[in-house]
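Novice: One structure coming up, written as structure tokens, with questions to follow.
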Amino acid sequence: MSAYKQHLKIYNSLSSKKEAFKSINKDLVGMYVCGPTVYDTVHLGNCRTFISFDLIYRYLKHLDYNVRYVRNITDVGHLTDDSSEDKIIKRARIEKIEPMEVVQKYTNEFHSILNFFKLQNPDIEPTATGHIIEQIEMIEKIIKNGYAYDKNGSVYFDLISFSKDFNYGELSNRNFDDIINESRTLDGSSDKKNPQDFALWKKANKSHIMKWRSPWGSGFPGWHIECSAMGHKYLGEKFDIHGGGLDLKFPHHDCEIAQSKSVYGNNPANYWIHTNMLTLNGKKMSKSAGNSVLPFEIFNGSNNIFSKSYSPMVLKFFIYQAHYRNTLDLSDEALKASEKAYEKIKTIYKELELIVPGNENDCDAELWIKNCYSSMNDDFNSPKLIAEFFNLYKEIQDIKSKSKNIDSVNLKKYQEYFSIFYTDILGFDDAKSEKNQLGEVLDILLEIRDKERDKKNYEVSDLIRDKLSKLGININDEQ
Ligand code: AMP
Ligand code: ZN
């Protein structure tokens, strides 16, 4: 595996190129991914992003990296686009509950949805409200270094001052003059020196519920500062990977970079990974556009876009059939096709178990394994990996139809590595479990039958034997 480890290439949004992956510390990887704003149920688009990072996390671990995966929960400070109201506070007002109840409710829901997709938990899941002190400290340093100013109890990042020393917008490749000339103000404030200056701290009025004391008075943090503060706290001044959806590239991630440069003089991450958007009828799925589809609506078929329900594993398969950097359009036809394909792929392990190996061999499991690694090493190319699964499926059909032979060495290799790629790396239901579990149930049944036979209760023991025989499982009592 270490041979494969050296060949991992990651598309880095910073250079817009695929680059060989080199971690800062030999076998450790620090990865920060922007988590959800917990003011509503996550839609399938959000899930696509987290599913993609689960694949990356699992693969890095498979390559024997010791990964620290930090994925935050935004529970304060994410302002709505149309007003300067916090999304969570707005939701609390609408639902007539405490903001922290909103946070708890949607955090729980987020976890339970990701469980349906069988995602692994991050190693640390910090909340913005749990790191107010760290955010205040970072803002103080930015002010001290001359890149932020306070005005009427709020603090803003000073883009003009920052741009004299550093390049702003390097991730999104935006021209600084264009940014400055964009007249749009995101929060309608007149306290800013420049409309594009972004809030690090916002003054809270008396009726505001979520607020904290700070050197600038009572208020709450801006959205971008939480990720900088938490990333630094858990991964240090410089870590390996920072990720999130493509829509976060600008302004969120460029603002994060600016904040880190202001304090530590450098971009916080070596590799920036951005996942592309899930769309519906060609339009980005989003809560605000009103075209979001919720995972549960698809699991139980209650959304009228779809003709039927689809399981979490089919949805995940559909997501992995596209590379994470491409857009992916959700439709009933696409899901139907994915379901059909998934039904085939999920039989592979069982089919391999049924094959009786011979002495001759026409199969090259080593080459197949190498191709699987090459797919994943090519910027986590899951569709290429799935294509390898189909190659194996075809190989199995050829073996079954006797146009190919396989020996036990190659057969075992296929089993071992299919299980690794399908279960451990893509995180699908364990291909073996159904069979293993059924085997265990059968053992229990046979034990009961033996006991009944010992008691000469032949009526029950014969009933079990006959029913099993109808299922093709024949018991030989003579042995
Ligand atoms: P939010 O809760 O809006 O901050 O979104 C959580 C994560 O989901 C972010 O990384 C977003 O970039 C990502 N995201 C939002 N909409 C989509 C979409 N339609 N497709 C893929 N990812 C998305
Ligand atoms: Zn973030």
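Novice: Can you name the condition, by its number, that ASN267 falls short on among (1) within 28 Å of PHE117 (Cα to Cα); (2) of a type outside the set (Ser, Thr, Tyr); (3) modelled with pLDDT of 95 or more; (4) away from ligand 1 (no atom under 11 Å from the Cβ)?
Specialist: All conditions are met except number (1).
Novice: Continuing with this model, one more query. Just the residues that are more than 10 Å from ligand 1 (Cβ to nearest atom) and either within 12 Å of the chain's Cα centre (by Cα) or farther than 30 Å from LYS87 by Cβ (or both), please, taken from region 38-58. Reasoning before the result, please.
Specialist: Applying the first criterion (more than 10 Å from ligand 1 (Cβ to nearest atom)) to region 38-58 yields 41, 54-58.
Scanning region 38-58 gives ASP54, LEU55, ILE56, TYR57, ARG58.
Novice: Of all residues in region 417-445, count the ones that are modelled with pLDDT of 85 or more and among the aliphatic types (A, V, I, L, M).
Specialist: 4
Novice: Same structure, new question: Counting just the residues of region 399-424 that are farther than 18 Å from GLU366 by Cα and in contact (Cβ under 8 Å) with a residue 12 or more places away in the chain, which one comes out surrounded by the most Cβ atoms within 10 Å (Cβ to Cβ)?
Specialist: ASP424
Novice: Hey, could you check region 280-300 for residues that are outside any loop (DSSP other than H, G, I, E, B) and touching a helix residue (DSSP H, G or I) at 6+ places or on another chain (Cβ under 8 Å) and say which is nearest to ligand 2 (Cβ to nearest atom)?
Specialist: Once the filter is applied, the top-ranked residue is LYS284.
Novice: Sort out which residues of region 199-233 are modelled with pLDDT under 95, within 13 Å of ligand 2 (Cβ to nearest atom) and either part of a loop (DSSP other than H, G, I, E, B) or among the small types (Gly, Ala, Ser) (or both), and write them in order of number.
Specialist: Residue satisfying the conditions is GLY222 alone.
Novice: Would you check if there is a residue in region 76-89 being within 22 Å of the chain's Cα centre (by Cα) and either surrounded by fewer than 13 Cβ atoms within 10 Å (Cβ to Cβ) or more than 16 Å from ligand 2 (Cβ to nearest atom) (or both)?
Specialist: No; the residues of region 76-89 include none that is within 22 Å of the chain's Cα centre (by Cα) and either surrounded by fewer than 13 Cβ atoms within 10 Å (Cβ to Cβ) or more than 16 Å from ligand 2 (Cβ to nearest atom) (or both).
Novice: From the set of residues in region 21-37 that are part of a loop (DSSP other than H, G, I, E, B) and within 8 Å of ligand 1 (Cβ to nearest atom), which is surrounded by the most Cβ atoms within 10 Å (Cβ to Cβ)?
Specialist: GLY35
Novice: Test of understanding: among ASP191, ASP177, ASP247, ASP240, which residue is more than 19 Å from LYS141 (Cα to Cα), more than 34 Å from the chain's Cα centre (by Cα) and not in a loop (DSSP other than H, G, I, E, B)?
Specialist: Exactly one of ASP191, ASP177, ASP247, ASP240 is more than 19 Å from LYS141 (Cα to Cα), more than 34 Å from the chain's Cα centre (by Cα) and not in a loop (DSSP other than H, G, I, E, B), namely ASP177.
The values are calculated or read from the model by the stated rules, or taken from the named source; none is laboratory data. Here the structure is a predicted model, which is why all the values come from computation and not from measurement. Note that we place each Cβ from the backbone using ideal geometry, even for glycine, and neighbour counts take in every protein chain shown.
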